[in-house]
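Take a look at the structure below.
The values are calculated or read from the model by the stated rules, or taken from the named source; none is laboratory data. These numbers come from a predicted model, not from an experiment. Don't worry about glycine lacking a Cβ; one is built from the backbone with ideal geometry, like all the others, and counts go over all protein chains shown. These accessible areas exclude ligands, DNA and RNA; they are computed on the full protein's heavy atoms, side chains included. Shrake-Rupley method; radii C 1.70, N 1.55, O 1.52, S 1.80 Å.
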Amino acid sequence: MTWSEMQPLLSQACWESFFMVGWSAVIAVVGGLPLGVLLVLTDRGGLLQNTVVNKVVGQIVNVGRSLPFIILMVALMSFTRWVTGTTIGPGAAIVPLAIGAIPFFARLVETSVREVDGGLVEAVQAMGGSTWTVVRKVLLPEALPSLLSSATTTIVALIGYSAMAGTVGGGGLGDLAIRYGYQRFETGLMWITVAILAVVISAIQFAGDFTARSVSHRAGSSAGAPKLRLLRPKPAPRAADAEATAAPAPEPTKVS
């Protein structure tokens, strides 16, 4: 297969992959962010401590994360058909992609929010701040760099999931690699697909890390850790130096 024949196929596959990953990432953030914050607030010692709610939500998140994506796609085919009217194509692949990414991102959000200093939360509460004020003014702003890193990790995982979606007719680069690279033995096209995925993932990871560092509120987060200087005791003065620095003895008074 020549490059002129590959180019339209690659362009279409790239657009389908970006379409799937983009919408799935938006849905994952919208659904996973409040879910992760809820897990923190309802945990033991949280602002909305509720053991029952925390256990139920946590178990749902654990079940969602434990299912392999290929099994999740097959299990959700009926639901996907009900939502989109079909089970093939990029639009249909968004449904299992988003449902699989929401619990994944929720756990990352939970970890990020837990890292916020509890003293800041107590200070806002002491000033009469409500739970919503604490979440909006303290938890989310302070955890923003870590949340951006979590979103980057989720997008990278979604790219891998979208390639897997090609095995069941989801379209995108994964579908192209399976239909042409594997079934038609077009090895060159398959390696080009792999290279495109590697470049895209590297670019997204770099952009996410750069954005997280640029919005970091921590002092010196972009600089290296300061070098600590050990305090050394001052050496004892030598005998000659002690005599030289000693105060002169007073002169004897003369008796007239």
Every residue in region 163-178 that is surrounded by fewer than 17 Cβ atoms within 10 Å (Cβ to Cβ) and of a type in the set (A, V, I, L, M), please. none
Taking region 137-154, which residues are within 24 Å of Val21 (Cα to Cα), in contact with a His (Cβ under 9 Å, 6 or more places away or on another chain) and buried (at least 17 other Cβ atoms within 10 Å of the Cβ)? Pro145
Quick one: Ala242 ticks every box in (1) assigned to a helix (DSSP H, G or I); (2) modelled with pLDDT under 75; (3) under 35 Å from the mean Cα position of the chain (by Cα); (4) aliphatic (A, V, I, L, M) except a single one, so which number is it? (3)
Report yes if Gly45 is at positive phi, over 22 Å from the mean Cα position of the chain (by Cα) and touching a residue at least 12 places away in the same chain (Cβ under 8 Å), otherwise no. no
Could you please find all residues in region 175-192 being over 16 Å from Trp3 (Cα atoms) and in a helix (DSSP H, G or I)? Asp175, Ile178, Arg179, Tyr182
Here is a check on your reading of the model: is Leu47 in a loop (DSSP other than H, G, I, E, B) and closer than 24 Å to Leu147 by Cβ? yes
All but one of (1) farther than 20 Å from Val135 by Cβ; (2) open to solvent by less than 80 Å² (accessible area, probe 1.4 Å); (3) hydrophobic (A, V, I, L, M, F, W, C) hold for Trp23; which doesn't? (2)
Can you find a residue that is in a helix (DSSP H, G or I), in contact with a Lys or Arg (Cβ under 8 Å, 6 or more places away or on another chain) and among the aliphatic types (A, V, I, L, M) anywhere in region 110-129? yes
Pairs where the first residue, in region 77-101, is in contact (Cβ under 8 Å) with a residue 12 or more places away in the chain and polar (S, T, N, Q) and the second is assigned to a helix (DSSP H, G or I) and open to solvent by 40 Å² or more (accessible area, probe 1.4 Å), C-beta under 6 Å, 6+ apart: Thr87/Met77; Thr87/Arg81
Residues of region 126-136 classified as in contact (Cβ under 8 Å) with a residue 24 or more places away in the chain and open to solvent by 30 Å² or more (accessible area, probe 1.4 Å), total: 1
When you go through (1) over 25 Å from the mean Cα position of the chain (by Cα); (2) in contact (Cβ under 8 Å) with a residue 60 or more places away in the chain one by one for Gly32, which number turns out not to apply? (1)
Within region 179-191, work out how many residues are open to solvent by less than 50 Å² (accessible area, probe 1.4 Å) and among the hydrophobic types (A, V, I, L, M, F, W, C). 1
Of the residues that sit in region 94-124 and are among the aliphatic types (A, V, I, L, M) and modelled with pLDDT under 90, which one is surrounded by the fewest Cβ atoms within 10 Å (Cβ to Cβ)? Ala123
